[in-house]
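Okay, so here's the structure we're looking at.
The values are calculated or read from the model by the stated rules, or taken from the named source; none is laboratory data. Keep in mind it's a predicted model, so treat the numbers as computed, not measured. Cβ coordinates were reconstructed from backbone atoms using ideal geometry, including for glycine residues, and neighbour counts include every protein chain displayed. The protein model used for the area step is the full one, side chains on, heavy atoms only, and it has no ligands, DNA or RNA in it. Shrake-Rupley method; radii C 1.70, N 1.55, O 1.52, S 1.80 Å.
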Amino acid sequence: MVSSKTIVILGGGIGGIATARALRKRLPRAHRIVLIDREHEHLFAPSLLWLMVGQRTPREIRRPLARLARRGIEVRVGEIQRIDPERRLVTIGGDEIAADYLVVSLGADLNPQAIPGLAEAGHNFYTLAGAQAFWSALQRTRTGRIVVLTAAPAYKCPAAPYEAAMLIDGWYRRQGLRAGVQIDVYAAEPAPMGVAGPDVSAAVRQLLGAKDIAYHPAHAITSVDAATRRLIFANGAHSEFDLLAYVPPHRPPAVIRESGMVSDTGWMSVDRHTLESRWPRVYAIGDVVAIPLQLGKPLPKAGVFAHREADVVARNIAVAIAGRGTPARFDGHGECFIETGDGKAGFGGGNFYAEPTPAVTLRPPSRRWHLAKVWLEKSWLYLRL
């Protein structure tokens, strides 16, 4: 008879919830599954793009994590103070929780303070508060220059800033105000969604150009003057703006850094197929991980990868506990929608582990793909929680 095991999952985002759900389906109730998060509610982050242009409200894209209890998953809410990966111990609220298996899915912390003036000058639409503030400011900005900025070359959800620009364009067109505004994207990276390959990059640039959205690659921001609304870039360029939406630099969560779990990649390192770390029975998935690809870039940080990695980890933990079954391997496949702001979306996907470059294609925008993204949102919020 298999003795009772405790699996602790850190993080209540897409990866954490998917891991907990998959494990609960695979393991008898005798095994304890604990999910820990600092927030009481799960925020479906992909929908922040719709919230920032008034197409969603906060209530529509949040769900209480406590709902997982009815599925046999124990939820603990609080700040994680320490992780001991050697002993698989997690400290929360002064209590130590011992895990037979530990899954780290804590995501990436957002660090706008790394760029002087950025937080004061614009709106971080990767947060609920920032997306709400941008929507309020958007309604007041009838003319002028709207800038979407990526402050670092790597960030989660690589399509998001380009989607944001096209959604903003769509909002102004519906209001009959597009002729009075200029929309620019300033990107730290040399090409849009470069990890997906040159064909996808070219297609995204074409989508922006068709909507008269100016694209400025290889513009690494060094500082922002909030008083004069001025962006200063490392290449000597500068730009003024009337309204700024930005993607801030990312960094590993403080508890990961302080627990000595960061590798020379700057993030956690794992086996690219099993997601197991260098500590036995300690796994890491999603945005907290860096998985290098042959082309010199890491696997994108995106919910689809966190979800697929979660399925692999859950299956392998269940196989290890039961002592039977075939282990799974993460194969690097993933996909995403690209909202174009006109009730349509493109759809890109493929094998990011392909060598020498990822084998990814982008399908043209259509209403079908937009509706598919809406269905994905609703199915996650109503069926997963």
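General remarks:
- Test: residue in the stretch 43-53 that is on the phi > 0 side of the Ramachandran plot and either charged (D, E, K, R) or buried (at least 21 other Cβ atoms within 10 Å of the Cβ) (or both): no
- Scanning the stretch 325-336 for residues that are open to solvent by 40 Å² or more (accessible area, probe 1.4 Å) and part of a loop (DSSP other than H, G, I, E, B) returns GLY325, THR326, PRO327, ARG329, ASP331.
- Any pair with Cβ under 8 angstrom, 6 or more apart, that starts in the stretch 268-291 at a residue that is surrounded by 17 or more Cβ atoms within 10 Å (Cβ to Cβ) and ends at one that is among the hydroxyl-bearing types (Ser, Thr, Tyr) and at pLDDT below 95: ALA290/THR265
Residue-by-condition table, conditions (1) modelled with pLDDT under 95; (2) more than 30 Å from ILE168 (Cβ to Cβ):
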{"site": "LYS301", "(1), (2)": "no, no"}
{"site": "GLY348", "(1), (2)": "no, no"}
{"site": "TYR353", "(1), (2)": "no, yes"}
{"site": "PRO356", "(1), (2)": "yes, yes"}
{"site": "ALA372", "(1), (2)": "no, no"}
{"site": "LYS378", "(1), (2)": "no, no"}
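- The set of residues from the stretch 350-385 being on the phi < 0 side of the Ramachandran plot and part of a strand (DSSP E or B) comprises ASN351, ALA359, VAL360, THR361, LEU362, ARG363, PRO364, PRO365, SER366.
- Enumeration of residues in the stretch 28-42 that are buried (at least 21 other Cβ atoms within 10 Å of the Cβ) and either at pLDDT below 95 or outside any strand (DSSP E or B) (or both): HIS31
- Consider the stretch 93-111 and keep the residues that are within 25 Å of GLU309 (Cα to Cα) and touching an Asp or Glu at 6+ places or on another chain (Cβ under 9 Å). The one that is most open to solvent (accessible area, probe 1.4 Å) is LEU106.
- Exclusive hit being over 18 Å from the mean Cα position of the chain (by Cα), open to solvent by less than 30 Å² (accessible area, probe 1.4 Å) and polar (S, T, N, Q), set THR57, THR6: THR6
- For ALA237, the requirement of being open to solvent by less than 50 Å² (accessible area, probe 1.4 Å), among the small types (Gly, Ala, Ser) and touching a Gly at 6+ places or on another chain (Cβ under 9 Å) is not met.
Rundown of residues vs (1) in a helix (DSSP H, G or I); (2) under 30 Å from GLY12 (Cα atoms); (3) at pLDDT 95 or above, yes/no style:
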site	(1), (2), (3)
GLY130	yes, yes, yes
PHE134	yes, yes, yes
LEU138	yes, no, yes
ARG145	no, no, yes
LEU149	no, yes, yes
ALA154	no, yes, no
PRO158	no, yes, yes
ASP169	yes, no, yes
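- Single match in ALA218, ALA202 (criterion: outside any helix (DSSP H, G or I), surrounded by fewer than 16 Cβ atoms within 10 Å (Cβ to Cβ) and not β-branched (Val, Ile, Thr)): ALA218
- Residue tally, condition open to solvent by 20 Å² or more (accessible area, probe 1.4 Å), in a strand (DSSP E or B) and in contact with a Pro (Cβ under 8 Å, 6 or more places away or on another chain), over the stretch 337-349: 0
- Qualifying residue in the stretch 337-356 (condition: more than 20 Å from the chain's Cα centre (by Cα) and among the β-branched types (Val, Ile, Thr)): no
- The one condition in (1) open to solvent by 60 Å² or more (accessible area, probe 1.4 Å); (2) modelled with pLDDT of 95 or more; (3) of a type outside the set (D, E, K, R) that ILE321 fails to fulfil: (1)
- For GLY170, the conditions (1) surrounded by fewer than 24 Cβ atoms within 10 Å (Cβ to Cβ); (2) touching a Phe, Trp or Tyr at 6+ places or on another chain (Cβ under 8 Å) are fulfilled apart from (2).
- ARG87 being basic (Lys, Arg) and surrounded by fewer than 17 Cβ atoms within 10 Å (Cβ to Cβ): yes
- Within the option set LYS344, LYS301, being touching a residue at least 60 places away in the same chain (Cβ under 8 Å) and of a type in the set (D, E, K, R) holds for one residue only, LYS301.
- Set side by side, the residues ALA114, ALA160 differ, and just one is under 30 Å from ALA226 (Cβ atoms), touching a residue at least 24 places away in the same chain (Cβ under 8 Å), open to solvent by less than 10 Å² (accessible area, probe 1.4 Å) and small (Gly, Ala, Ser), which is ALA160.
- Residue check, GLY12 at pLDDT 95 or above, touching a helix residue (DSSP H, G or I) at 6+ places or on another chain (Cβ under 9 Å) and part of a loop (DSSP other than H, G, I, E, B): yes
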